[in-house]
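The next block holds one structure in the form of C-alpha cells; read it before the comments.
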Amino acid sequence: MLVTTFVVLVLLLIAFVAWRKRVAERRNRNRPGFELEEAPPTFQVVALGLQGSGKTLLLASMYHRLKSPAGQSYFLKASPDDVLHLNQWFSQMADTSGEAGWPPGTAKGETRHFTFTVKTQIASGVRPRPMFHLKYLEYAGELLTEPQAPGSTVQEGLFDEIRRADALIGIIDGNHIRQHLDGAPQGQVRLEQTLNALVPIMLEAECPVSFVITKWDLLADVHPDERVRLELVQDLLTSNDHFRSLVKIHGSSRVVRLIPVSAVGPGFATVDSTGRVVKVPEGKVHPTRVDVPLSAVVPDLFAQVEGRLDEDARMAFHAEVHRRNQLTPLEAVASLVTFAGRTAGRAMVAAFGPSAAVLTGNAVMSMLLDSMGGGRGEPRGHLDEDLSQAERDHQQFRDARRQVIEDMRRKVAVLEDQLPHSRLS
Amino acid sequence: MDGPSHGGSAWPFLVARGRYRGYRTLLAPDFLLADGDYGVLDDFVKPGTVAEQVQVVPVVTRSGRPLTVVHTTHQVTAADIEQAPRDEFGRPLQLMYGFVCDEGQVGAPDPADLDACRETAIAVYRRFLGDEEGFTVEAGRQFPLRSAATPRTVVERPPPKGTSVASAPSRTGCLIRVAILVLIGVLLYALATQCPPEQKDADPDCVPVHVFELCHPYVDAPPYGNTPG
C-alpha cells in the first residue's frame, strides 16, 4: 500500500510539473527567446516652438525628405494614419494652384505623437530592418505661451513630455528674425517672446538642445553669403542675455546647434505688403536641411553621454568599444551585460539622464558602443566563416546600425563645414 | 433598451484661433464656465479630416461629469467676418463649433442643431476678432435639442497607458489545481495514518507515526547532538 501511494504521489507530481511546464510554454509562446536581436529603442524628440513658427511644416517636410533612403543609408517609416496626415500637410504646403493656402494651425486637441521608425537595408534582397524609433511630439504652439483654460490637462501633458525628452529642438521663426533685422519693432517683440518661452525650458533640460531657424528662405536677401547670413543671425540671438547664458551653460558640456532650415526652399514664398507669408505662383518646393535637426538627435545624445563620463569611465568605455569589435556577436552580448553591471556601465546609464530610451534595455548601450567602433574597415578578432548564421545576421545588423549613425553624423558634419556658425558651443 | 428621445437640451460652444491669438474656447456652456471645467473642450475638440465632418465625442470633465460633444469644422470665409480669413501667418482660420449635451448620447445629430450653433459661433467669433486681447469666454445658452438622444451607457475607462492587466487563471486551471492539492492532501493523510506492513504484522496495536518523524534525518539522534560547532 505504501509503495502504491508513493507511486501515485510521484505520478501526480510528474503530472503537476508537466502541467506547469505547459502553462509556462503557453505564456512564453509569444515572447522572444534568447536571441541576438535587440529591440529597437525609442528616442523622444520635442520641438519647442510658438504658434506659426513652422513646426508642423518642418515635420511634414522632414518626413518627405527622409521617407526614402536617398542620400543616406536610412529612411523613416510611419504608421499609415501618420503618413496620411504628413502627406496631406505637405501636399497643401506645396500646392500653389488657386486658393490653396498653408495648412491650418494645429489645435490643442490635435496634440499627438508621430512615431518614426528609422530603417535601413542590411543586405540585398532582405527587407529593411528597424534600427530605432524617433517619437516626435506635434502640438499647438500656444500651449507654450498661453495660460491653460480651467479643466484642461493638455498643457500639463506637454510639459511632462518635455521633461522626458531625449532631445529638445527650439524653433525660432525666421520671419521674425527677418523683421527684427529689418528694424521692425514687431520682429523684436516676437523674437523676445520666443526666447522668453524657450530659454527657461531649455535651461532645465538635461538632454541635448538645438535651435532651428525656420523659414530660412525668407532671409535669403539679408546677405548673399549664407555663412555671413548665419553669423548675423547668431550675433542677433546672442545679443539676448538669456540666449547667451543658455549657450554658455549648456555649451560647457554639450553641443548647442543653430540649424537654418526651410520647409519649402528658396523662391517658394515671400512676404506680402501686409506682412503675411504667401506662396509665389508656380513656385516649386525644394526643402533645405529639414533632415538635419532630426538626424542630429541621436549623435548629439551619444556625444553628450560620452562627454559626461569621468576619465576612468571614459577609458573603460573606449576599452569596451575596442573589445566588442574583437568579440563574436554572442560574446559581445555577454560582454555588454558584464559591462552594464560595472561602474563604467552604470556611469554611462546615469549619463543618459532622464532619457526613457536607456531604460528599455541594453539596446541603447549596445548602439552607443557600436557607434563609436571603427566600422566595417576595422579588423575583427574573428572570421565571419566561424560564425553561425544568426551571429552573421546580427553582425550585419550592428554594422548597418553603425552606418546609420555614421550617416547622421555626416549630415551634421557637412552642416558644420558649410556653416561654421551653426555650432554655438 | 430605451429608444431615442427628443426634447432634451444642449449648449452651443466654439473653439477657434484668432489672427494673433492661438486656439482657445470662445463660447462654452454656462454650467462648464460656472464649474471652471470648460477647458475640456480645448482638449478634445479637433478639426475633422474632411470638411464639415460631424464628430460625436463622449468626454468626461476633470470633475467627472460625462458629456457628449457634437461638433464640426467650418473654414471661415470672407463673408463670415467681412475681412480676409487668414491669420497673421497667412494660414486659414477655422471654427470648431457644435453643442454639448449632458443628458445622453447623440447618435445622429440633426443638421438644424448644428446650423443654429454655427450662427451663434460666427457672431461670437466676430466679437473675438474685434478684440482678441480683451475677449473673455462667453456663456452659451441652453437650447432645445432636435437631435435624438439616447440614455448614456457607462463606458469603462481603459487602464492607463503602460499598465497591463495580468491574465486571470482559467476556471478549469483553478479546478485542476484544487483537485491536485486535495488529492495530495488525502494521500498524505493516508500515508501518515498507514502502518508499515512489517510493523503491523508484529504489533496489531500499531500506533500511527508522523510523516515528519518518518522523514526526519535526526529522528534517532539526540537533539542538536550532530550540529556543527
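Taking first residues from region B:59-73 that are in contact (Cβ under 8 Å) with a residue 12 or more places away in the chain and more than 15 Å from B:D113 (Cβ to Cβ) and partners that are hydroxyl-bearing (S, T, Y) and open to solvent by 10 Å² or more (accessible area, probe 1.4 Å), the Cβ contacts under 8 Å between residues at least 6 apart in sequence or on separate chains come to B:R62/A:T153. With respect to B:D42, is the statement that it is buried (at least 22 other Cβ atoms within 10 Å of the Cβ), under 28 Å from A:G49 (Cβ atoms) and in the same structural domain as B:R126 (by TED's automatic domain parsing) true? The answer is yes for B:D42. Scanning region A:89-123 for residues that are basic (K, R) and part of a loop (DSSP other than H, G, I, E, B) turns up nothing. Residues in region B:20-33 that are more than 10 Å from chain A (Cβ to nearest Cβ) and either charged (D, E, K, R) or open to solvent by less than 10 Å² (accessible area, probe 1.4 Å) (or both): 4 in all. In this structure, is A:S210 of a type in the set (G, A, S) and modelled with pLDDT of 95 or more? In short, yes.
Please go through region A:129-181 and give me each residue that is within 18 Å of A:P260 (Cβ to Cβ) and surrounded by fewer than 19 Cβ atoms within 10 Å (Cβ to Cβ), ordered by number. Across region A:129-181, the qualifying residue is only A:L181.
The set of residues in region A:301-318 being within 15 Å of A:F339 (Cα to Cα) and in contact with a Ser or Thr (Cβ under 8 Å, 6 or more places away or on another chain) consists of A:D312, A:A313, A:A316. Exactly one residue out of A:S295, A:S273 is without any contact (Cβ under 8 Å) to a residue 24 or more places away in the chain and either open to solvent by less than 10 Å² (accessible area, probe 1.4 Å) or farther than 14 Å from A:I405 by Cβ (or both), and it is A:S273. Say whether the condition of being more than 27 Å from B:Y20 (Cα to Cα), modelled with pLDDT of 95 or more and open to solvent by less than 20 Å² (accessible area, probe 1.4 Å) is met by at least one residue in region A:231-246. Scanning region A:231-246, I find at least one residue that is more than 27 Å from B:Y20 (Cα to Cα), modelled with pLDDT of 95 or more and open to solvent by less than 20 Å² (accessible area, probe 1.4 Å), so the answer is yes. With respect to B:G36, is the statement that it is facing chain A (nearest Cβ under 7 Å) and open to solvent by 10 Å² or more (accessible area, probe 1.4 Å) true? When the stated conditions are applied, B:G36 passes them. Looking across region A:108-132 at every residue that is within 18 Å of A:L58 (Cβ to Cβ) and without any contact (Cβ under 8 Å) to a residue 40 or more places away in the chain, the one that is nearest to the other protein chains (Cβ to nearest Cβ) is identified as A:E110. Give me the residue from region A:11-28 that is more than 11 Å from chain B (Cβ to nearest Cβ) and open to solvent by less than 80 Å² (accessible area, probe 1.4 Å) and, out of that set, modelled with the highest pLDDT. For region A:11-28, the residue satisfying everything is A:A18. Could you figure out which of (1) more than 8 Å from chain B (Cβ to nearest Cβ); (2) in contact with a helix residue (DSSP H, G or I) (Cβ under 9 Å, 6 or more places away or on another chain); (3) farther than 30 Å from A:D407 by Cβ isn't true of A:Y139? So A:Y139 meets the others, but not (3). Count of region B:82-105 residues, restricted to those that are open to solvent by 10 Å² or more (accessible area, probe 1.4 Å) and farther than 17 Å from A:A100 by Cα, is 5. Count of region A:144-157 residues, restricted to those that are at the interface with chain B (Cβ under 8 Å from one of its Cβ atoms) and either on the phi < 0 side of the Ramachandran plot or in contact (Cβ under 8 Å) with a residue 24 or more places away in the chain (or both), is 8. Restricting region A:77-107 to residues that are of a type in the set (G, A, S), farther than 23 Å from A:G157 by Cα and open to solvent by 20 Å² or more (accessible area, probe 1.4 Å), the residue that is nearest to the other protein chains (Cβ to nearest Cβ) is A:A100. Scanning region B:45-59 for residues that are at the interface with chain A (Cβ under 8 Å from one of its Cβ atoms), touching a helix residue (DSSP H, G or I) at 6+ places or on another chain (Cβ under 7 Å) and either over 24 Å from B:P111 (Cα atoms) or open to solvent by less than 40 Å² (accessible area, probe 1.4 Å) (or both) gives a single hit, B:V45. Is it the case that region A:108-116 has a residue that's assigned by TED's automatic domain parsing to the domain that holds A:D272 and surrounded by 23 or more Cβ atoms within 10 Å (Cβ to Cβ)? Yes, there is a match, as at least one residue in region A:108-116 is assigned by TED's automatic domain parsing to the domain that holds A:D272 and surrounded by 23 or more Cβ atoms within 10 Å (Cβ to Cβ).
The values are calculated or read from the model by the stated rules, or taken from the named source; none is laboratory data. Source: prediction; values computed, not measured. Cβ atoms come from the backbone with ideal geometry, glycine included; neighbour counts cover every protein chain shown. Just so you know, the surface numbers come from the protein's heavy atoms only, side chains and all, with ligands and any DNA or RNA stripped out. Shrake-Rupley method; radii C 1.70, N 1.55, O 1.52, S 1.80 Å.
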